[in-house]
Amino acid sequence: MRRRDVLGFGVAAVAVMSAAPKAFGQMDKLRNTTPAERAGAQTEFMKSKLGLSPDQMRAVSDLNLKYATKMEPVIKGSSGPLVRMREMREINDEKEKELKGILSPQQWEKYEAARMEMREKLEERMEGGGQR
């Protein structure tokens with residue numbers, strides 16, 4: 001899978017937490033990625049959007065890998081979409097509590113804006129026939 005695709009799907013995994021259950025068709029594509037690939041893509045995305053310091057880069061990289069690993073059984077599991085959505089939301093809520101302690105208030109605002117933008121793009125793709 002191309003790095004751009006991994007990045008898009010990694011960020012979409014965060015954005016999809018409040019999207020419609022049919023978004024889990026996108027999640028199936030994540031099954032072909034490793035936690036390290038997803039964490040790396042998320043870290044690169046955050047680096048480009050948030051202007052992280054070297055210390056923040058290390059902390060964010062570690063955090064992304066920690067939570068990508070926690071997310072692995074959910075992504076590759078066989079639970080139904082609603083159960084998976086709930087589990088993903090719980091994991092993401094934990095991650096965001098930690099992330100908020102790493103980022104400055106301005107970086108947090110940028111992060112939330114970027115996440116909302118990704119959610120909107122995902123929803124547009126789903127509405128536009130990207131999900132069949």
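The values are calculated or read from the model by the stated rules, or taken from the named source; none is laboratory data. Predicted, not measured: the structure shown is a model, and the values here were computed from it. Cβ placement follows ideal geometry from the backbone for every residue including glycine, while neighbour counts extend to all protein chains displayed.
All conditions but one from (1) part of a helix (DSSP H, G or I); (2) at pLDDT 90 or above; (3) of a type outside the set (Val, Ile, Thr) apply to PHE24; the one that does not is (2).
Filtering the range 70-104 to residues that are surrounded by 12 or more Cβ atoms within 10 Å (Cβ to Cβ) and touching a residue at least 60 places away in the same chain (Cβ under 8 Å) leaves ILE75, PRO81, ARG84, MET85, MET88, ARG89, ASN92.
Each residue in the range 46-69 was checked for being surrounded by fewer than 14 Cβ atoms within 10 Å (Cβ to Cβ) and touching a residue at least 60 places away in the same chain (Cβ under 8 Å), and 0 of them qualify. Looking at the range 35-78 only, could you name the residues that are touching a Gly at 6+ places or on another chain (Cβ under 9 Å), among the polar types (S, T, N, Q) and modelled with pLDDT under 95? Passing the criteria: only GLN42. Restricting to the range 105-120, and then to whatever is touching a residue at least 24 places away in the same chain (Cβ under 8 Å) and not hydrophobic (A, V, I, L, M, F, W, C), can you tell me which residue is surrounded by the fewest Cβ atoms within 10 Å (Cβ to Cβ)? Among those residues, the one meeting the criterion is LYS110.
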